Amino acid sequence: MSPDFRFSVHATDGAARQGEITMPRGTIRTPAFMPVGTGGTVKAMYMDQVRELGADIILGNTYHLMLRPGAERVARLGGLHELARWPWPILTDSGGFQVMSLSQLRKVTETGVTFKSHVDGKVFEMTPERSIEIQQLLDSDIQMQLDECVALPADEETIRKAMELSLRWAERCKTAFGERPERAMFGIVQGGDNAALREQSALALKALDLKGYAVGGLAVGEPQEVMLAMLETVCPVLPQEKPRYLMGVGTPDDILKSVARGIDMFDCVMPTRAGRHGLAYTRRGKVNLKNARHADDPRPLDEESDCPAARDYSRAYLHHLVRSGEALGGMLLTWNNLAYYQKLMADIRAAIGAGRFADGAAEISEGWARGDLPPV
């Protein structure tokens, strides 16, 4: 295993790329989906299950972990890998999105963001330097710059100011991160739904020569075509030899279309959150286990799946668990959903490697279009 952070592209098919990131704690096969472990846990899953499904890396959240149990405490306990019993790579986001979306009475200045915790109302200040300090206390492998996230729609001047502030914060984060060959800090392209501002942000971050680049501030309610248009603007500008991460995305269809535009890494709470609310992702599309039509159905979610949750439990039982509010229902459907997402990524990687990404993507989409099995 390489002692330093390295990214290599092994195959391309159009703009789609198949490769890997190597780090001391493990190899990340790309395109990669990172299960979200917000507070040091992938909800409703054991970490060994997450690994067995094919995850090479998970995501932790700086904002939530700084509030509970506290970054200094995590450090005293051996770091997030030790605490959560996940010895493989972890990416931590900067906390910026949560500060902007969850916190009350926040105030953004050149220095950073002052905000009240959504947990207990305590006042905190998050600066670029403090964000990196927290992430280093957590001992994550890939760390994100602090940025200002603007809710869309927004006027051009608001978007511009946030983008330019994020660029200045990126420089400060780079300085705070220092020289750490075995770790990486990624910059975050901002600019809302404005292509010119997105390009300006990408070019400025490229000049900082960071180890990787994320695209932030998308998948926040804008139409999919807007998100894809921003990727078509940004990806050609970013360095070809560096990984590209689309933050907070998304649905299987979002992932498929974003890979086609050159994205290498994804994260999203969707598969875990949907599972806890009775919704399953399958190769036939989404299946809502709350629906009464499943009450007497002895068939599994997917008889061809390698995941026991999809293959070995009847729809009738899953429906019963969900309608009864049993914790096992959310556990089984989360297991199914993460298995489906990792299988999707494996199929994408294989298709790119074989030079048939467009055909593979069409086959996957056709499966969703055919829809779920009719009722028995």
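If I ask for residues that are surrounded by fewer than 18 Cβ atoms within 10 Å (Cβ to Cβ) and within 21 Å of CYS268 (Cα to Cα), which ones from the stretch 88-117 would you list? Answer for the stretch 88-117, where residues must be surrounded by fewer than 18 Cβ atoms within 10 Å (Cβ to Cβ) and within 21 Å of CYS268 (Cα to Cα): SER101, LEU102. Sub-6 Å Cβ pairs linking a first residue in the stretch 117-132 that is closer than 16 Å to ASP147 by Cα to a second residue that is among the basic types (Lys, Arg) and at pLDDT 90 or above, at least 6 apart or interchain, are PRO128/ARG172, ordered by first then second residue.
Of all residues in the stretch 289-298 being part of a loop (DSSP other than H, G, I, E, B) and without any contact (Cβ under 8 Å) to a residue 40 or more places away in the chain, which is surrounded by the most Cβ atoms within 10 Å (Cβ to Cβ)?
ASN291
Only one of the numbered conditions (1) closer than 18 Å to GLN145 by Cβ; (2) crowded, with 21+ Cβ neighbours inside 10 Å; (3) not polar (S, T, N, Q) is not met by GLU171, and that is (2).
Taking the stretch 131-162 on its own, how many of its residues are charged (D, E, K, R), under 16 Å from PHE97 (Cβ atoms) and surrounded by fewer than 21 Cβ atoms within 10 Å (Cβ to Cβ)?
Step one: of the stretch 131-162, the residues charged (D, E, K, R) are 133, 139, 141, 147-148, 155-157, 160-161.
Add one more test, that the residue is under 16 Å from PHE97 (Cβ atoms), and what stays is 147-148.
From what is left, the residues that are surrounded by fewer than 21 Cβ atoms within 10 Å (Cβ to Cβ) are none.
Within the stretch 131-162, residues that are charged (D, E, K, R), under 16 Å from PHE97 (Cβ atoms) and surrounded by fewer than 21 Cβ atoms within 10 Å (Cβ to Cβ) number 0.
Considering VAL220, VAL215, VAL237, the condition of being closer than 28 Å to LEU105 by Cα, hydrophobic (A, V, I, L, M, F, W, C) and surrounded by fewer than 22 Cβ atoms within 10 Å (Cβ to Cβ) is satisfied by VAL220 alone. For the criterion of being of a type outside the set (Asp, Glu) and crowded, with 16+ Cβ neighbours inside 10 Å, PRO243 passes. Can you find even one residue in the stretch 114-123 that is in a loop (DSSP other than H, G, I, E, B) and of a type in the set (Val, Ile, Thr)? Yes, the stretch 114-123 contains at least one residue that is in a loop (DSSP other than H, G, I, E, B) and of a type in the set (Val, Ile, Thr). The criterion of being outside the structural domain of TRP335 (by TED's automatic domain parsing) and within 21 Å of LEU218 (Cα to Cα) holds for MET100. Only one entry in HIS81, HIS64 is at pLDDT below 95 and either out of contact with any Phe, Trp or Tyr (no Cβ under 9 Å at 6 or more places or on another chain) or in the same structural domain as GLU179 (by TED's automatic domain parsing) (or both), namely HIS64.
The values are calculated or read from the model by the stated rules, or taken from the named source; none is laboratory data. Nothing here was measured: the structure is a model prediction, and the numbers come from that model. Positions of Cβ are backbone-derived with ideal geometry, glycine not excepted, and every protein chain shown enters the neighbour counts.
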